[in-house]
1. Of the residues in segment 99-127, how many are under 25 Å from F179 (Cα atoms) and of a type in the set (D, E)?
2. For segment 182-202, give me each residue that is surrounded by 15 or more Cβ atoms within 10 Å (Cβ to Cβ) and either assigned to a loop (DSSP other than H, G, I, E, B) or not aromatic (F, W, Y) (or both).
3. Go over the candidates S66, S82, S93 one by one and state the one that is outside the structural domain of K151 (by TED's automatic domain parsing), among the polar types (S, T, N, Q) and in a helix (DSSP H, G or I).
4. Check segment 49-66 and report whether any residue there is modelled with pLDDT under 80 and surrounded by 10 or more Cβ atoms within 10 Å (Cβ to Cβ).
5. List the number of the failed condition for E98; all other conditions in (1) surrounded by fewer than 13 Cβ atoms within 10 Å (Cβ to Cβ); (2) without any contact (Cβ under 8 Å) to a residue 24 or more places away in the chain; (3) farther than 14 Å from N206 by Cα hold.
6. Considering only segment 113-122, I want to know if a residue exists there that is in the same structural domain as E177 (by TED's automatic domain parsing), outside any helix (DSSP H, G or I) and surrounded by 13 or more Cβ atoms within 10 Å (Cβ to Cβ).
7. Looking at segment 161-173, is at least one residue polar (S, T, N, Q) and either over 19 Å from D134 (Cα atoms) or modelled with pLDDT of 95 or more (or both)?
Amino acid sequence: MTIKVKLLLLVIGTIFTISVIIGAEAIYNINAVSKNSIKQYREEAYKNKEEELKNYVSMAIKTINSYNQRTEPAKIKKEVSSYLKEQTSFIFSIIEKEYERNKGKISNAELQLKIKNIISESRYGENGYFWINDTNAVIVDHPIKPALNGKDLSNFKDKDGKRIFYEFARQTAATGEAFVDYVWPKPGFEKPQPKISYVKRFKPFN
């Protein structure tokens with residue numbers, strides 16, 4: 001072989017060797033970068049999933065806390081009390097106008113009947129109603145239990161021994177309006193459940 005051919009083979013061999021080394025190094029670097037990228041991706045994906053789970057748990061806890069706060073007896077009582085007073089104020093605004101419009105034009109008995117019918121037929125919410133008793137705890141009208149009409153319930157007691165109709169009459173006679181707590185049977189419960197009523201005196205007829 002001539003020197004020229006030997007040099008050519010040497011150059012080609014050198015280039016080939018260098019190319020193989022560079023290629024091998026490139027493959028190694030690509031693999032290393034790929035593994036590193038996959039590792040970073042896994043770590044980021046894991047962190048993202050952790051954050052997602054934390055957010056779900058946080059949302060669940062906030063929902064539960066909100067529900068617990070919403071269903072605390074004191075909270076419920078406050079909301080119910082406000083609602084009862086609002087509904088009673090509404091029905092009173094109606095019967096007061098009816099009274100002013102008709103007093104002196106018809107007899108007291110006719111006017112009382114008109115007002116009684118308005119109250120008896122009025123409802124609110126799913127099962128809310130109004131009843132009438134006088135300041136002696138005698139039932140004037142009970143739309144749900146008409147058998148009570150005309151009965152003296154001043155000695156009627158709830159399961160805790162509270163004379164509830166006596167309290168309705170006593171407190172409204174004293175202050176004109178009142179909230180009265182007591183216990184009352186409720187479907188689905190073995191024991192009587194806490195209940196509250198808002199009572200207000202209609203002064204023209206007590």
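1. 2
2. Within segment 182-202, the subset surrounded by 15 or more Cβ atoms within 10 Å (Cβ to Cβ) is 182-183, 195, 197-202.
Within segment 182-202, V183, K195, S197, V199, K200, R201, F202 meet the criteria.
3. Working: S82 fails: outside the structural domain of K151 (by TED's automatic domain parsing); S93 fails: outside the structural domain of K151 (by TED's automatic domain parsing).
Result of the check over S66, S82, S93: S66.
4. From segment 49-66, those modelled with pLDDT under 80 are 65-66; that's our starting set.
Filter again for surrounded by 10 or more Cβ atoms within 10 Å (Cβ to Cβ), leaving 65-66.
Taking every residue of segment 49-66 in turn, at least one turns out to be modelled with pLDDT under 80 and surrounded by 10 or more Cβ atoms within 10 Å (Cβ to Cβ).
5. Against the list (1) surrounded by fewer than 13 Cβ atoms within 10 Å (Cβ to Cβ); (2) without any contact (Cβ under 8 Å) to a residue 24 or more places away in the chain; (3) farther than 14 Å from N206 by Cα, E98 comes up short only on (1).
6. Of segment 113-122, the ones in the same structural domain as E177 (by TED's automatic domain parsing) are 113-122.
Remaining after also requiring outside any helix (DSSP H, G or I): 122.
So of that shortlist, the ones also surrounded by 13 or more Cβ atoms within 10 Å (Cβ to Cβ) come out as 122.
Within segment 113-122, one or more residues are in the same structural domain as E177 (by TED's automatic domain parsing), outside any helix (DSSP H, G or I) and surrounded by 13 or more Cβ atoms within 10 Å (Cβ to Cβ).
7. Step one: list which residues in segment 161-173 are polar (S, T, N, Q), which gives 171-172.
Subset that is either over 19 Å from D134 (Cα atoms) or modelled with pLDDT of 95 or more (or both): none.
No.
The values are calculated or read from the model by the stated rules, or taken from the named source; none is laboratory data. From a predicted model like this one, the values you see are computed outputs, not experimental measurements. For neighbour counting, all protein chains shown are included, and Cβ atoms are generated from backbone atoms with ideal geometry for every residue, glycine included.
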